[in-house]
1. What are the residues in the stretch 304-345 that are surrounded by fewer than 17 Cβ atoms within 10 Å (Cβ to Cβ), hydrophobic (A, V, I, L, M, F, W, C) and not in a strand (DSSP E or B), if any?
2. I need every pair where a residue in the stretch 258-271 that is surrounded by 15 or more Cβ atoms within 10 Å (Cβ to Cβ) has its Cβ under 8 Å from the Cβ of a residue that is outside any helix (DSSP H, G or I) and aromatic (Phe, Trp, Tyr), sequence separation at least 6 or different chains.
3. Here are 227, 157: which of them is under 29 Å from the mean Cα position of the chain (by Cα), β-branched (Val, Ile, Thr) and part of a helix (DSSP H, G or I)?
4. Does residue 437 satisfy being in contact with a helix residue (DSSP H, G or I) (Cβ under 6 Å, 6 or more places away or on another chain) and touching a residue at least 60 places away in the same chain (Cβ under 8 Å)?
5. Tell me the residue from 144, 120, 114 that is touching a Pro at 6+ places or on another chain (Cβ under 9 Å) and crowded, with 22+ Cβ neighbours inside 10 Å, please.
6. Any residue in the stretch 16-34 that is in the same structural domain as residue 71 (by TED's automatic domain parsing) and under 15 Å from residue 122 (Cα atoms) sitting within a Cβ distance under 6 Å of a residue that is among the aliphatic types (A, V, I, L, M) and part of a loop (DSSP other than H, G, I, E, B)? List the pairs, counting only those 6 or more apart or interchain.
7. Looking at the stretch 260-306 only, could you name the residues that are at pLDDT 95 or above and either of a type in the set (Ser, Thr, Tyr) or assigned by TED's automatic domain parsing to the domain that holds residue 130 (or both)?
8. Search the stretch 324-348 for residues that are touching a residue at least 40 places away in the same chain (Cβ under 8 Å) and closer than 21 Å to residue 412 by Cβ and pair each with any residue that is not polar (S, T, N, Q) and not in a strand (DSSP E or B) when their beta-carbon atoms are under 8 Å apart and the residues are at least 6 apart or on different chains.
Amino acid sequence: MDKVVINFFENNNLKLKNKTLVIAVSTGIDSMTLLYTFLKLKKDYNLRLEVAHVNHMVRKESREEEAFLSNYCLENNLGFHVMHLDSSNEENFQSYAREKRYQFFFDIVSKVNADYLVLAHHAVDNVETIMMRILRGSGLQGYAGIKEVIKNNNFYIIRPFINVLKTEIKNYAKQENIKFFEDSSNQSTVYTRNRIRKELIPIIFKEEENAHLKFKEFSDTLFAASIIVDEKVKEIIQSFEIGENYVQFKANYFLNLTTYLQEEVLFRVLKKYELSKKNILEIIKIISSKKKNLKVHFLDQLTIVKEYDDVKIFFYNLETPEVYIIIDEVKPYFLNDTIEIIVSKMDSNFIPSGDELWYNSNMLPVVIRSRRTGNKILLESGYKKVKDLLIDLKIGILDREKILIMEKDKEILAVIGIRKSVKLKQIENNDILIRVRSNNNG
């Protein structure tokens, strides 16, 4: 395997001598063989090797594996870094674990100023990945499978075994008497990848013993094509507003793209969620809806909001908290750090602004609350649904959810900041000011 690794670096025009490498090691046969191989090259190439291990805390063998790897690194003068993963509150554990695992690896790379993050994926892993993505649907880069080299800011992510068969790794591990642990969860057919590995892959290799080379050609072709497509996709995404927790763009601009580009753009923007093609098509359907205002919670991970021509995808479940406050005396009121209501005595010459209301203290209490379905307010022209009033004013769905109502004895006196009712205007001897401030920006 020494030659395999050396050739990998040469073929990809990468330097190995005097470099610092972070090697991700699970204690399985692939990663232990990878670590062993680099350990053999350590002296000749003056390598600094740092081992990163994630203990998923799921199997009873996990602590034994961690202890073994810790001692192995100590005996061989290797840096050892471990992360314990808390899975107790995560429904989609595999996706959660992958995100946390890579963040941990990147943190270690940064900490030790490494040149390479080394992963143990092999040729059959690539076949499995391509098959999985074909079955569930993906974008161009997803169909291409696993890249052997990725430039990531100041370091490279590399997979030196990506063209090596699993049988070759097993034979080498046996020949060199490499100790490793078998992950019992790999035997389960609960996960799609394991079913593909145990049931579909053997059939493929029975039909074509060099199937991994055919898949490699397929992968290389798609990666080459993706370079061309990538430039156009990047150009499109640059026109989007991308925040820490959301992405925003114009619906009309997006829907004028070809269907293929629509899919590719969403696959890139939402890459961390590992959505299927079916998921992406569902999102496109939401964006192309004839409804001018809508809000959709998607897969308990995203919130898709369309307000006229504006589309905003939040990277979390966006909920507007319900508000219900009884105002019964002259004092400040606060709700969950988002709503502040100041009730104070004011000079009668003061002219209130839109979210400030004159009122008669003798007519307390009043209620300030969230808007509800079917609410109506009495205007000069008669009763009007609050929803219709907001639609007429072209107020988007997110701002609608934040709008508050003031009512007395179940009669709406004001849509705060929007319109006062006839009944509020008829109240005399006003001596207090009700000022509403909302910090809920969604």
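1. Within the stretch 304-345, just 330 meets the criteria.
2. Note: pairs meeting the criteria are 269/240.
3. Working: 157 fails: part of a helix (DSSP H, G or I).
Selected residue: 227, the only one of 227, 157 that is under 29 Å from the mean Cα position of the chain (by Cα), β-branched (Val, Ile, Thr) and part of a helix (DSSP H, G or I).
4. Numbers: in contact with a helix residue (DSSP H, G or I) (Cβ under 6 Å, 6 or more places away or on another chain): no; touching a residue at least 60 places away in the same chain (Cβ under 8 Å): yes.
Against the criterion (in contact with a helix residue (DSSP H, G or I) (Cβ under 6 Å, 6 or more places away or on another chain) and touching a residue at least 60 places away in the same chain (Cβ under 8 Å)), residue 437 does not qualify.
5. Only one candidate qualifies: 120.
6. 24/119; 30/120; 31/25; 31/120; 32/178; 33/178; 34/120
7. Residues satisfying the conditions are 288, 289, 303.
8. Short answer, once both residue conditions are applied: 326/365; 327/364; 327/365; 339/323; 343/329; 343/330; 343/331.
The values are calculated or read from the model by the stated rules, or taken from the named source; none is laboratory data. It should be emphasised that the depicted structure is a prediction, and the values quoted were computed from it without experimental measurement. Methodologically, a virtual Cβ is constructed for each residue, glycine included, from the backbone with ideal geometry; neighbour enumeration extends over all protein chains shown.
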